[in-house]
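The values are calculated or read from the model by the stated rules, or taken from the named source; none is laboratory data. If you're wondering where the values come from, they're calculated on a predicted model, not measured in any experiment. All Cβ positions, even for glycine, are placed from backbone atoms using ideal geometry, and neighbour counts span all protein chains on display.
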Amino acid sequence: MVDPARFPGVWRAGEMDRAMPAGIPSGHARLDMELPGGGWPRSSLVEILHDGAGLGEVSLLFGALKTVAEEGRAVAWINPPHLPYAPALASAGVPLDACLVVRPAAAEDALWSADQALRSGACGAVLFWLPAKTDYAWLRRLQMAAEAGRTLAVLFRPTSASVHATPAHLRVLVTHRAGLLHVALPKRRGPPLAHPIAIRIAGHPVRHGGGCSSFAGGTGPVPIPRAPLAVRDIARHASRVSA
Amino acid sequence: MLWVALELPALPLQLVERAQAAPMPLVIGEGPSQRPIVAFANAAARQAGVREGMAVAAAKALAGDLKCIDRDESAERDALERLAGWAAQYTPAVSIEPSGLVLEVASSLKLFGGLAKLLSALRGGVRALGLQATLGIAPTPLAARAFARAETRGIPVRSCTAMPDLPARLADLPLFLLEWPGRTLELLADLGIVRVKDALALPRGGFSQRFGPEALAMLDRLAGRAPDPRLAHVPPARYRARLELPAEAEGVEAILFPLKRLLAEMEGYLRGHGAGVQELDLDLEHGLKRHTRLALSFATKEREAEFILAIAREKLGRLVLPAPTIGLRLVAERLLPFAPREGTWLPGREERAVGRARLIERLAARLGPGRVFGIALADDHRPERGWKNPPAASPRAAFDGGARPAWLLNRPQKLVAGAAGPTLQGALALVAGPERIETGWWDGEPVSRDYYVAANPAGETYWIYRERRDPAAWYLHGVFA
């Protein structure tokens, strides 16, 4: 009897899929250890779930974007909520001439653009923001396109999407706690990583002990009280996702 | 020398038929306008009992939904010229004959991998253009034409590639294939001479006296006893093609089929010239001098019909046509030298660049200009000017300022500021700053701001600033996503 776990794409529950092709290093050693293939997948759909903006959810990928751009492939930003800001990308080392920003007027154009960019094979990474009601069939299609074009496809969604099934092979839950980015992997080729890893993003300003030291303003210092941090119960959230 | 003749017997019919996807009864009428007669009838019309030579009125009585189109000889001539342009991809020696082409292919055999492969490429290519041609192969152009015409009439012939075999292959062909004047053919028939071998056996002096020196010269050229040089067709330096649709086409989908054939023809023409196009105009004619013009332009020189069709399809999809389309016109004013890209097993940097350019074209064709762009650094300290759209890419490669957010808002958004400071879904705590940016006083758009990094209770980090002139006014300008 042949051990089924020796076939590519088959792995035992409780173990990581070792047959995965080498991934794109994320630039965070702790995260690479937890990602199947040792990095972001090279030809697959990844979902990044986050609530709100400004957690570092995009900066988390800068290491991978730098790698694929240096391989000579493009980085496409499809329907981003705001403009990807050139100085930030440049300081992270992402070559700007590799970047391609697409701002479609209609929701279906966004889906179409993502599909085209993935399928073309010209892009090493495609980051996209899709309308909230994108259905499973479309995501499945994008997953197939990512495989066909050998492209890292990253879909950004709110955490409320975690109750829906996904064709993505990797689901990343991004939260924020005590000035650090916390990354959980509710779905991966292997056991879900419920206990989040804390990651420090280079270039992402981190709040230290007492906020800002001085306010240089027209009228002198303005006291700004620190609000207590609302810490989310990530473990509870993650267990619900993996259930 | 080896000649291939392409004979297009029902060219007027084919020109109309190739613009329609599904066959329908169709005849080409010619003669006086009061009583036109059927010059050509297609298979569907023949099935209904229509025959050539019948009055068009009688034909219409036989087939109710019969479509009759007047013969347009200048269009046929144009079509043959365009076909000659298309055939130039196989050999430079193409010349136009009354109802077809002859191609000298001996020098192209090696390039195309032998005669069989060349012929199958020709047959497939002609079919893709929506035309039907019979092929004749012989060492002299006249013999090749005779073979092609024989095949059109259903007379079995075998192609001949060597001069010594030619007289034997020609021997049994009927003389009427040679396009001699009817009077000459009648005289010969009266003498009992109906086949080529009989004519070749006649004494030369008497033949020349009786039927004229031209008939004898033609017989010599046919059998390869005299040289038959041909002037190669020189196509014009710009490309123009027009296709009349047999019926009004509603909407865009109905145009794509004939457009594909036009583009395939252009691709052959461009291949024959080692040329590509970067700008292409497509006119959709609606009649009454109204037309819709679609300008296609590409980042690099292109000639592949499939790619151009894909771009045109996206552009057409965004058009609302004012009226049904009755004709298509394709114009390329400038033909540019085209260096074919070598196919490689592992795509290199250059192929990737081409792939990216094509992706951008495809996206821009559907989404419209200005919706697909790149980003680059600009030499300005004002954050809203710290980036720009290439192609005017700045040589500045690195940014050496302070922390910059991954997202920049299109325009700064005013924040609600309480007594304790600015708020955005909770009070904002200042994490870093201030970074003073005060510049631009010389061009009328001065900025004088103190930038801070601020975080709200949920840990969302923002880039905000305070106007120096108005310390109570806080604005959100970026998001550290």
Checking B:462, B:452, B:475 in turn, the sole residue that is facing chain A (nearest Cβ under 10 Å), more than 51 Å from the chain's Cα centre (by Cα), touching a residue at least 40 places away in the same chain (Cβ under 8 Å) and closer than 28 Å to residue A:56 by Cα turns out to be B:462
Considering only helices (runs of 4 or more DSSP H) wholly within region B:188-246, the ones with at least 2 residues that are within 30 Å of residue B:324 (Cα to Cα) are none
Subset of region B:30-47, residues surrounded by 16 or more Cβ atoms within 10 Å (Cβ to Cβ) and in a loop (DSSP other than H, G, I, E, B), comes to B:36, B:42
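Table: residues versus (1) over 18 Å from residue B:418 (Cβ atoms); (2) charged (D, E, K, R); (3) in contact with a Phe, Trp or Tyr (Cβ under 8 Å, 6 or more places away or on another chain).
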{"position": "B:434", "(1), (2), (3)": "yes, no, yes"}
{"position": "B:445", "(1), (2), (3)": "yes, yes, no"}
{"position": "B:451", "(1), (2), (3)": "yes, no, yes"}
{"position": "B:461", "(1), (2), (3)": "yes, no, yes"}
{"position": "B:464", "(1), (2), (3)": "no, no, yes"}
Checked against (1) surrounded by fewer than 23 Cβ atoms within 10 Å (Cβ to Cβ); (2) hydrophobic (A, V, I, L, M, F, W, C); (3) in contact (Cβ under 8 Å) with a residue 24 or more places away in the chain, residue A:29 satisfies every condition except (3)
Practice problem: Using the structure shown, decide if residue B:481 is at the interface with another protein chain (Cβ under 7 Å from one of its Cβ atoms), within 13 Å of residue B:424 (Cα to Cα) and not in a strand (DSSP E or B). | Solution: no
The correct count of residues that are more than 14 Å from residue B:473 (Cα to Cα) and out of contact with any Gly (no Cβ under 9 Å at 6 or more places or on another chain) in region B:403-436 is 4
Log entry, pairs with first residue in region B:196-217 being within 14 Å of residue B:183 (Cα to Cα), second being among the β-branched types (Val, Ile, Thr) and modelled with pLDDT of 90 or more, beta carbons closer than 6 Å, six or more apart or on different chains, reads none
| said: Kindly evaluate residue B:124 against the criterion of being on the phi < 0 side of the Ramachandran plot, part of a helix (DSSP H, G or I) and surrounded by 15 or more Cβ atoms within 10 Å (Cβ to Cβ). | reply: no
Out of (1) touching a residue at least 40 places away in the same chain (Cβ under 8 Å); (2) within 24 Å of residue B:157 (Cβ to Cβ); (3) under 31 Å from the mean Cα position of the chain (by Cα), the one residue B:91 does not meet is (1)
Being in contact with a Ser or Thr (Cβ under 8 Å, 6 or more places away or on another chain), of a type outside the set (Gly, Ala, Ser) and under 22 Å from residue B:149 (Cβ atoms) narrows B:131, B:119, B:83, B:103 down to just B:103
Counted residues in region B:48-67 being under 30 Å from residue B:264 (Cα atoms) and either surrounded by fewer than 19 Cβ atoms within 10 Å (Cβ to Cβ) or among the aromatic types (Phe, Trp, Tyr) (or both) come to 1
Flagged in region B:55-64 as touching a helix residue (DSSP H, G or I) at 6+ places or on another chain (Cβ under 8 Å) and either farther than 18 Å from residue B:12 by Cα or assigned to a loop (DSSP other than H, G, I, E, B) (or both), in numbering order, are B:63
In region A:173-191, anything of a type outside the set (D, E, K, R) and in contact with a Pro (Cβ under 8 Å, 6 or more places away or on another chain) is listed as A:173, A:175, A:182, A:183, A:184, A:185, A:186, A:190
Considering region A:119-137, residues that are surrounded by 22 or more Cβ atoms within 10 Å (Cβ to Cβ) and more than 10 Å from chain B (Cβ to nearest Cβ), and then whichever is farthest from residue A:63 (Cα to Cα), we arrive at A:128
Of the conditions (1) touching a strand residue (DSSP E or B) at 6+ places or on another chain (Cβ under 9 Å); (2) surrounded by fewer than 22 Cβ atoms within 10 Å (Cβ to Cβ); (3) at the interface with chain B (Cβ under 10 Å from one of its Cβ atoms), the single one that residue A:88 does not satisfy is (2)
Of the candidates B:248, B:253, the one satisfying the condition of being at pLDDT below 85, in contact with a strand residue (DSSP E or B) (Cβ under 7 Å, 6 or more places away or on another chain) and at negative phi is B:248
Residue A:110 vs (1) closer than 20 Å to residue A:34 by Cα; (2) at pLDDT 85 or above; (3) among the small types (Gly, Ala, Ser); (4) surrounded by 17 or more Cβ atoms within 10 Å (Cβ to Cβ): all pass except (1)
Residue hits (region B:261-284; of a type outside the set (Val, Ile, Thr) and more than 14 Å from residue B:86 (Cα to Cα)) are B:278, B:279, B:280, B:281, B:282, B:283, B:284
Going through region A:60-83 in order, the residues found to be more than 15 Å from residue A:124 (Cβ to Cβ) and surrounded by fewer than 24 Cβ atoms within 10 Å (Cβ to Cβ) are A:79, A:80, A:81, A:82, A:83
The residue from B:405, B:434 that alone is touching a residue at least 12 places away in the same chain (Cβ under 8 Å), assigned to a strand (DSSP E or B), within 23 Å of residue A:89 (Cα to Cα) and at the interface with chain A (Cβ under 7 Å from one of its Cβ atoms) is B:434
Q) Regarding residue B:211, is this residue aromatic (Phe, Trp, Tyr) and within 22 Å of residue B:136 (Cα to Cα)? A) no
Only one of (1) in a strand (DSSP E or B); (2) exposed (fewer than 15 other Cβ atoms within 10 Å of the Cβ) does not apply to residue B:251, and that is (1)
The lone condition residue A:96 fails out of (1) surrounded by 22 or more Cβ atoms within 10 Å (Cβ to Cβ); (2) at pLDDT 90 or above is (2)
